[in-house]
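Notes to accompany the following structure.
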There are 2 protein chains.
Amino acid sequence: MKLFDGGRAPNPRRVRVFLAEKGIDVPKVSVDMGAMEHKRADVSSRNPLQRLPVLELDDGTILTETVAICRYFEELHPEPALFGNSALGKARVEMWQRRIEQNLFQPVAFAFRHTHPAMKEWEIPQVPEWGEVNRPKAIEFLAFLDKELAAREFAAGDDYSIADITGLCAIDFMKPAKIVMPEAFTNVQRWYRALAARPSAAA
Amino acid sequence: MKLFDGGRAPNPRRVRVFLAEKGIDVPKVSVDMGAMEHKRADVSSRNPLQRLPVLELDDGTILTETVAICRYFEELHPEPALFGNSALGKARVEMWQRRIEQNLFQPVAFAFRHTHPAMKEWEIPQVPEWGEVNRPKAIEFLAFLDKELAAREFAAGDDYSIADITGLCAIDFMKPAKIVMPEAFTNVQRWYRALAARPSAAA
């Protein structure tokens, strides 16, 4: 098994943090997305969509998509459960994972990709107006999340989950996307500090 | 239990098709999104993000997000499995569900919401240029999917799954989004016709 990794980009990082929380070590093939190496032949032959990460199993089977790769490892190594326990617990993790993806992670990514000069070669065409309208969308969701986090420790409940990993990586991605965390969101900040202090955050 | 439904919009439809495939009947509260009823108090008190569908359990617990609601029912009624079987099977469904969501369903939705005059009140602000660039993105993914579907019956393999439901609803959504299916994509068309012919497609 080997994982085609993508360096500092947020999706490859989500998988690395997930694996660190599980205590799973997977051999990695380094791919420097900053140098556009995700377009090189050994990546695009495995994922024609030219995105990372990509997991290759020993029999050559390819899995792509961050959350699909994480789900595969959850099935193989159920503990600690990062996709939730019980029907309702799993549904809640899915709900918060998706809320954070669609209303924070994606808006931050759109802001970065559509306004950052270094992304001109990546995002064709850049639509700067689209990047700009996504900054307030991210802030608006953080305001909602801040109220939610007043009542519980983690995004989906009392237990750390993949929804928290998505939140951690989204918030760290706000810096290059030039979105400033409002000081008023004290619950979000307490949550973020706890996530960032876990050893897995360094993965 | 009751499901706050959203009429013709594609996300509420995904849940209805999923429930029809499972043979599950859930009492529905009708919400006319065309008349902006998703902003009425009984919806926004349950989902401050003002999106549908919303599932309310008998004890008042709220679940939102299409795929989270589907996953809850998958856990309660595992057969027929619509999220896959086995570790690899589940990962493949997740992979194709996400590929179709991000590269077809979302681009079609962006094209609709950012260019259709009726969406001016919904999508604030509309960014017509963003809507326009999403039409070729959807077509480009369909070209990739067409090659993939030459080798198998359904999106994620030999079995019907939630990834197919997302594909069906995305393709039907292409019409109001003014994206025309290229005649050359014969595998996609064969797949779509088979999905549309299932009784669940009428849900």
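Quick note: the coordinates plus some simple rules give every number you see, no bench work behind them. Predicted model only: the values in this text are computed from it and were never measured. Here the Cβ positions follow ideal geometry from the backbone for every residue, glycine too, while neighbour counts run over all protein chains shown.
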Phi-derived 3J(HN,Hα) across region B:176-193 with the Karplus relation (6.51, -1.76, 1.60, θ = phi - 60°), rounded Hz, x for Gly and Pro, is x, 7, 6, 10, 9, 5, x, 4, 5, 7, 5, 6, 4, 5, 4, 4, 4, 4
Separation between the B:ASP32 and A:ILE24 pseudo-spin-labels, each 7 Å from Cα along Cα→Cβ, expressed in nm?
-> 4.9
Check B:VAL54: other-chain or 5+ apart residues with amide H under 5 Å from its amide H, H built from backbone geometry?
-> B:PHE4
Note the distances from B:GLU140 to each other copy's matching label point, with points 7 Å along the Cα-to-beta-carbon direction, in nm, sorted shortest first.
-> 2.7
Shielding of A:82-93 by other chains, given as the mean Cβ count within 10 Å, works out to 4
Expressed as a percent, the portion of alpha-carbon pairs in the protein assembly as shown spaced more than 29 Å apart is 43
If you stretched the chain out fully between B:GLU148 and B:LEU57, how much longer would it get, using 0.36 nm times the residue separation minus the C-alpha to C-alpha distance?
-> 28.9 nm
In Å and whole numbers, how far do the C-alpha atoms of region A:61-203 stretch along each principal axis, longest first?
-> 45, 43, 27
Report, by chain and number, residues whose modeled amide H sits under 5 Å from the one on B:LYS28, excluding near sequence neighbours (fewer than 5 apart, same chain).
-> B:LEU3
Number of partner chain Cβ atoms within 10 Å, mean per residue of B:64-76 = 5
Asserting the computed 222 nm helical MRE of chain A (DSSP H runs at least 4 long, -39500 (n - 2.57) per run, divided by residue count, to nearest 500) equals -15000 deg cm²/dmol
Taking the axis that carries chain B onto chain A, what is the nearest Cβ in chain B, and at how many Å, to the whole number?
-> B:TRP130, 2
Restricting to lysines and to Cα separations under 24 Å from B:LYS120, and discarding same-chain partners fewer than 8 apart, the set is A:LYS137, B:LYS39, B:LYS137, B:LYS175, B:LYS178
Distance between Cα centroids, region B:142-157 to region A:57-108: provide it in whole Å.
-> 23
Put a dot 7 Å past each Cα toward the Cβ at A:GLU75 and B:LYS39; how far apart are the dots in nm?
-> 4.3
Distances from B:SER30 to the same position in the other copies: list them in nm, one decimal, shortest first, using label points 7 Å from Cα along Cα→Cβ.
-> 6.2
Say a label goes 7 Å from Cα toward Cβ at A:ALA151 in every copy; what distances in nm does this one have to the rest, shortest first?
-> 4.7
Please quote Rg/Rh for region B:2-76 to two decimal places, taking the Kirkwood radius as Rh and restricting both calculations to Cα atoms.
-> 0.93
Provide the net charge surrounding A:TRP96, with neighbours chosen by a C-beta distance below 12 Å and charges set as Lys +1, Arg +1, Asp -1, Glu -1.
-> -1
